[in-house]
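The values are calculated or read from the model by the stated rules, or taken from the named source; none is laboratory data. These numbers were taken from a predicted model, which means no experiment stands behind them. Positions of Cβ are backbone-derived with ideal geometry, glycine not excepted, and every protein chain shown enters the neighbour counts.
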Amino acid sequence: MRPVLPALRPQGPSLTSAAMLLLGSLLASSCAQQQPDNESALLPEAPPATEQPQAAKPGAESEPRPAQVASEAPQTPPEESSPVRPFPIETLYTLLVAEVAGNREQFDVALANYYHQAQSTRDAGIAARATRIARFLNARRAALRSAQLWAELEPDEPEAQLTATAELTLAGELDPALVHAEKALELGGDAPLQSLAATAVSNPKLVERITPEFRRLAEKYPNNGEAALAHAMMLRAAEQYDAALAIVRRVKEQHPTMLDAPLLESHLLADLEREDEALALLEQMVATYPQETRIRLQYARLLVSRDLEQAQEQFTTLVEQRPGDGNLILSLALIRMESDDFAAAEPLLEKLLTLGQHESAAHFYLGTIAEQARDPLRAAAHYRKVEPGNDYMQAITRGTELLAAVGKSNENQQWFAELRQRHPEQSEHFFVIEANLLRKYDRAPDALTLLDRALEQHPGSGRLIYVQSLIHEQQGNVEAFEKGVRQLLARDPDNATLLNALGYKLLDDDSRLEEALQLITRALELEPDDPAIIDSMGWVQYRLGNHAEAIRYLEQALEKLPDHEIAAHLGEVLWMQGNRERAMQVWQQGLEINPDSEIIPAAMDRLKNMKPLEQHVSD
C-alpha cells in the first residue's frame, strides 16, 4: 500500500523531535486505501457528526474513522522509499491539529483543516484524506469538492474516479458523474452506473438526453453487467420495456449470479402486465436465495395487490430476517391493518416507537386502532404526538374532533394554542378549525369569543369573518350575519358563494324577496352550474309564486347534486302543486341519500295538513 499522505518536510524552522514523531504516527495511519463497492460508494460512510459513531457502515469497514488514528497508527515513520515533498511549516501544524482533533472526535475541526489544506496545497493525498473524512461525516458539499479535486490530481487512480462519480451522483450532477464513471471503467475499476441511472429515471427530459450515453457505455463494455443493466433501466424509464427486457435476460445468461438482473426483470414483467410471470420468477428466486431480502421484498410488494395473505407471510419473514428494519415493520403493520387484524398490527407499531423509527406514522395508526376500539382519549393522545408530515393535519383534525365529541374542550383549547405557537404562519387556519368544532358541538358563544380574539390577531381576515357570520346565522342573529357577509362582499363583490349565502338567508323575510332574487341571480350568472345556487334560485322562484320555474330549477339542482335539502325543497313545491305522489317519491329519494335527514321529516310534518295551492285558489 502506498501512504495516503507522503512524508512531510517543513520549509523553514525545524519541528521538535517529539512533534515529528507524533505527526509521523498520526499521518501514517491514513495509508490504507480500499476500493469501495458500488453500493457503498453512494452511501454515507458513517453516521452524521451529531451522532457518536462507532464504526463506518458496511462496505467501508476497512476505512479507519478519525478517532481511531492514534491508537491504530504504527509507531514508525514512513518508509524511506515513500515519495517526499516539502510542505510549509503552517501546513504541517494544521494537519497535526486536524489529526489530534480527529483523535478527540472533534471531526468538524479535522475536516475543516484537511479541506482547506487540500485546496491550498493541491496535494492528492490530502485531498483523498479530506474526501474520506467528509464522507464519514456525511458532509456532502465538502465531500463533493474534495472528491473532484482528488480525481483531478490523480486521474489514474480508480478509487478517486469512483468516489467523484458517487459524490456527483448524490449531488444530481449526472453529466460529469458519467465522465468520471467512464474513466473508472477505463482504469479497470467498476462504476455505480445503476445508481446513476436510478438518479436519472425520475426526470423524463434527462432520460431522453442521457440515455444515448448509457447505451454507448454498454456497447463499449459489452461484458460489463452493471453497464448493461443501467442501460436497461434507462430504457425502462423511457417505457421501452421489451428492449430493456431483452438486455436484462442477456445479462442473466452472462452473469447468472448477478441478482440485480432478475429483480429488474420482475419490474419489467410487471410493467408489461405480465404479473403472473413476474411472480413465478420471484417465487423461484426466493426459493433459491431465501436470505436475499431484496428479492423477497420485491415478491412481497407484487403480492400486495394480488394476495394480501401471502404478502403478509412474506413481510413476516422479512421482519424476522431484519427485525430492526422500520420500513419492513411498518409495511407489515399496514398490511395487517388492511386485513382488519388490528390486534396483530398494534405490537408492530409499538415496536417502531421502541426503535425510534417512523414514530409519527406509528402514532397515527395507533390512534386509528384506538378509534376502532372506541377509546377516543387514547386515540387523541396518539394523534397529538404525530409530527409535521403526510398525516399531520389529518391527525390534528381527527384528534380534536374526538376530544370535542367527548366534551374535552380544555384539552382542545390547549392543543390549538400549542399549534398556533408552533406554526404561527397557520394561526388563522387553526382558529377556523377550533371555531368550527365549537360551533358543531353547540358551543357557539365560545366560538364567537374565540373569533373575537382571533380577529384581534388577524384583523380583517376573510375566513374568520365568514365563520363568525355563519355562527351568527346559526344563532339567529341575522343582522350580524348580514353585516359580516356584506363586509366581505365589499372586498369581493363577485363572490358567488357569498352572494348566494346572503340571498338565501334573505328568503326568510317576505319583504326582501326581490333583493334576494337579485343576489341569487347575480350568483347564478357567475356560477351557472353550481347546484347549491340553482337550488336557491328554485326556492326563491317558489317563494315568489313562480312554481313551474321553481320545479325546473330544483329538478336541475337535484340531478346535478343528489342532496336531501334539495329533495326537501323540490318535494315541498310538488306537494303544494298537488302532485303528492311525486313529492313522496322525491322525499323518499332524499331519505335514501341521507337517512338521518331532519329537513325532510320536518317538511313532511309541516305540510301534511296544508291544502295544495290550486285548492287555495278555488276556495
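Structure above, values below:
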read-out	value
Region 195-211 residues that are in contact (Cβ under 8 Å) with a residue 60 or more places away in the chain and under 25 Å from residue 163 (Cβ atoms), paired with ones that are of a type outside the set (Phe, Trp, Tyr) and outside any helix (DSSP H, G or I) (beta carbon under 7 Å, 6 or more apart)	195/42
Check on residue 260, exposed (fewer than 15 other Cβ atoms within 10 Å of the Cβ) and either under 30 Å from residue 180 (Cβ atoms) or not hydrophobic (A, V, I, L, M, F, W, C) (or both)	no
Residue within region 577-591 that is within 23 Å of residue 508 (Cα to Cα), at pLDDT below 95, surrounded by fewer than 24 Cβ atoms within 10 Å (Cβ to Cβ) and touching a His at 6+ places or on another chain (Cβ under 7 Å) present	yes
Residue match in region 370-389 (condition: free of Cβ contacts under 8 Å to residues at least 40 places away in the same chain, more than 30 Å from residue 438 (Cβ to Cβ), outside any loop (DSSP other than H, G, I, E, B) and polar (S, T, N, Q))	no
Residue match in region 160-176 (condition: of a type in the set (Asp, Glu), more than 30 Å from residue 201 (Cβ to Cβ) and either modelled with pLDDT of 90 or more or in a helix (DSSP H, G or I) (or both))	no
Filtered residue count, region 87-99, keeping only those that are of a type in the set (A, V, I, L, M) and buried (at least 19 other Cβ atoms within 10 Å of the Cβ)	4
Unmet requirement for residue 257, which otherwise passes all of (1) at pLDDT below 95; (2) in a helix (DSSP H, G or I); (3) among the hydroxyl-bearing types (Ser, Thr, Tyr)	(2)
Count - residues of region 240-249 that are surrounded by fewer than 19 Cβ atoms within 10 Å (Cβ to Cβ) and either touching a residue at least 24 places away in the same chain (Cβ under 8 Å) or aromatic (Phe, Trp, Tyr) (or both)	1
Extreme residue, farthest from the chain's Cα centre (by Cα), among residues of region 515-545 that are surrounded by 15 or more Cβ atoms within 10 Å (Cβ to Cβ) and not in a helix (DSSP H, G or I)	544
Single match in 232, 244, 198 (criterion: at pLDDT below 95, within 25 Å of residue 289 (Cα to Cα) and in contact with a helix residue (DSSP H, G or I) (Cβ under 8 Å, 6 or more places away or on another chain))	198
Pick from region 201-227, criterion assigned to a helix (DSSP H, G or I) and under 27 Å from the mean Cα position of the chain (by Cα), ranking: nearest to residue 251 (Cα to Cα)	207
Any chance residue 494 is acidic (Asp, Glu) and farther than 21 Å from residue 554 by Cβ	yes
Candidate set from region 330-368 (those that are within 20 Å of the chain's Cα centre (by Cα) and not in a helix (DSSP H, G or I)); member that is farthest from residue 297 (Cα to Cα)	356
Residue 198 being closer than 21 Å to residue 260 by Cβ and in a helix (DSSP H, G or I)	yes
Residue in region 539-559 that is out of contact with any His (no Cβ under 9 Å at 6 or more places or on another chain) and of a type in the set (Phe, Trp, Tyr) present	yes
Matching residues in region 121-164 - criterion: being more than 32 Å from the chain's Cα centre (by Cα), small (Gly, Ala, Ser) and over 15 Å from residue 109 (Cα atoms)	124, 125, 127, 128, 151, 160
Within region 85-159, helices (runs of 4 or more DSSP H) holding 1 or more residues that are in contact with a Lys or Arg (Cβ under 6 Å, 6 or more places away or on another chain) and free of Cβ contacts under 8 Å to residues at least 40 places away in the same chain	107-121, 140-153
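Here is a yes/no grid of residues against (1) of a type outside the set (Gly, Ala, Ser); (2) over 14 Å from residue 271 (Cα atoms):
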| residue | (1), (2) |
| --- | --- |
| 201 | yes, yes |
| 212 | yes, yes |
| 224 | yes, yes |
| 230 | no, yes |
| 233 | yes, no |
